[in-house]
1. Quick one: if the Förster radius is 60 Å, what FRET efficiency do B:Ala81 and A:Asp211 give, using the C-beta to C-beta distance and rounding to 0.05?
2. What FRET efficiency, computed as 1/(1 + (r/R0)^6) with R0 = 60 Å and r the Cβ-Cβ distance, is obtained for A:Arg81 and B:Lys104, rounded to the nearest 0.05?
3. Along the Cα→Cβ direction, 7 angstrom out, place labels at A:Ala338 and B:Ala118. What is the inter-label distance in nm?
4. Please sort by residue number the chymotrypsin sites (Phe, Trp or Tyr not before Pro) in the range A:277-341 whose DSSP state is loop and whose Cβ has at most 15 other Cβ atoms within 10 Å.
5. With each label point set 7 Å from Cα along the Cα-Cβ vector, what nm distance links B:Asp17 and B:Lys93?
6. Which Cα, out of B:Val86, B:Val64, B:Gly32, lies furthest along the positive dipole direction of the range B:2-101 (beta carbon charges, K/R +1, D/E -1)?
7. In Å, what is the Rg of the alpha-carbon atoms in the range A:294-381, and how long is Dmax?
8. Along the charge dipole of the range A:294-381, which of A:Tyr379, A:Leu314, A:Ser329 sits closest to the positive end, that is, farthest toward it, with unit charges on the beta carbon of Lys, Arg, Asp and Glu (+1, +1, -1, -1)?
Amino acid sequence: MLATDNTPLKRTPLHALHLSLGAKMVPFAGYDMPVQYPAGVLKEHLHTRQKAGLFDVSHMGQLALRAKSGKVEDAARALERLVPQDIVALAAGRQRYAQLTNEQGCVLDDLMVANFGDHLFVVVNAACKEADEAHLRAHLSSSCQIDSLSDRALLALQGPKAETVLAKFSAEAPAMRFMDAGPRRVADLACFVSRSGYTGEDGFEISVPADRAEQLATALLSDPDVLPIGLGARDSLRLEAGLCLYGHDIDTTTTPVEAALEWSMQKSRRSGGDRAGGYLGAEKILNQLAGGASRRRVGLKPEGRAPVREGAPLFADQVSTEQVGTVTSGGFGPSFNAPVAMGYVPTRLATNGTQLFAEVRGQRLPLRVAATPFVPNTYKR
Amino acid sequence: MTTLFTTDHEWLLIEGDVATVGITDYAQSQLGDVVFVELPKVGRSLKKAEAAAVVESVKAASDVYAPISGEVLEVNEEVVAEPALVNSDAAGKAWFFKMKIADKSELGGLMDEAAYKAHTA
């Protein structure tokens, strides 16, 4: 038995609230987390797309990155050594999706980076947070101070009613646009709010002092339009939205180009840009941006009703013994009302509409390469 | 007419030499919202404990094993068309398949309702 099996699960500041709400708890990234509440995954998913859902994402890592010079540009310049994104041009009060890469050009983690005016605020995945923090320290500590904001909880309020619900607690938040981020007062608490999330819906992520998290969550849940949403629906929502889940759709074997994340890589960091390259694995990524990668992450729409799940091998036809790819995420899309999946295929088979077959329980099930998101996003740009 | 149960949370309604098989209300509550059901072909000869059907929730796929050996006589197309029946009426309308009981002695290894209740308590 592994020693880690005996490690007690960590708890978020909302753990007691989850139990009181009747959540079914599961281990996730070392935390005891709610996978669903009594409403169940299907209703939680649909409610988020119809009204608003409240998610506890306090297990994720929140970090502050401050340049020793005191200038946010210097922190941005430092972080650009580790990500293929333009952080220097990220305006104060704005947030951007990024990836930490390794020397092979593969993805150590994906993250959100916000410019808070005098420092950068970073949100990383729970399972990677210790490694990410160590990586940032190893590469940036000569010029930057890195603080783990472990005394803060993180709530996500997502869905078409998120704005009207949050407006009752914050005069400032409704004026934000998609990917705005910064300190805001919510329920008279000093919060960090961003207009973003990971469901494809309009919504907010709210970083709140840990000792006030339950108070804020309870206040938000008192609105009849808000239901608590577990990790089960969080996964089906992000899958319908075509968003990558780290450790499944992207990891240290995939590059951001293979993962079809070119949209997240600004011109300034590409060949010919002001600050082209200069991050770990840049050579590989720039080569792939110029010449393409041999494989690509695509959306996959099974043609039948059977969900095609993570790990299912993909084939070009019904009889071939040569596996051409693998499903990396898949399940049932409650809003799409059909199965949805994503996976990696050779670039020659990555065109929308391409017929492929997934092997499930010994049968070859037909599916087609499909555009994502499966459900249109509703961001307030 | 008796109802018997397996440790894998299936129920069997025994009528003469025919068993109607479904999953229990406890099983559906553990699975969550069922979105897909795949049933065996009529005429298939099932061996006890082999995978006979699949039931999938939003989150995961679960096999349903043949509780006893026998030939599949009939399957419930209604539950294939409307998988949510498994959640609303697991012990009734959401039966999966009927099978001919090949060996009545296999029924001896199954639980009655009281034993099953104790098993899930």
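1. Result of the calculation: an efficiency of 0.70.
2. Values: r = 73 Å, r/R0 = 1.22.
For R0 = 60 Å, the calculated efficiency reads 0.25.
3. Here the modelled spin labels are 5.0 nm apart.
4. Details: sites: A:Tyr279, A:Phe315, A:Phe332, A:Phe336; in loops: A:Tyr279, A:Phe336.
Passing sites in the range A:277-341 are A:Phe336.
5. 3.3 nm
6. Most positive-ward Cα: B:Val64.
7. So, for the range A:294-381, Rg and Dmax equal 12.7, 46 Å respectively.
8. Comparing the listed Cα positions along the dipole, A:Tyr379 ranks first.
All of the numbers you see were taken from the coordinates with simple rules; none came from a lab. Being a predicted model, the structure only gives us computed values, none of them experimental. Quick reminder, even Gly has a Cβ in these numbers, built from the backbone with ideal geometry, and neighbours come from all protein chains shown.
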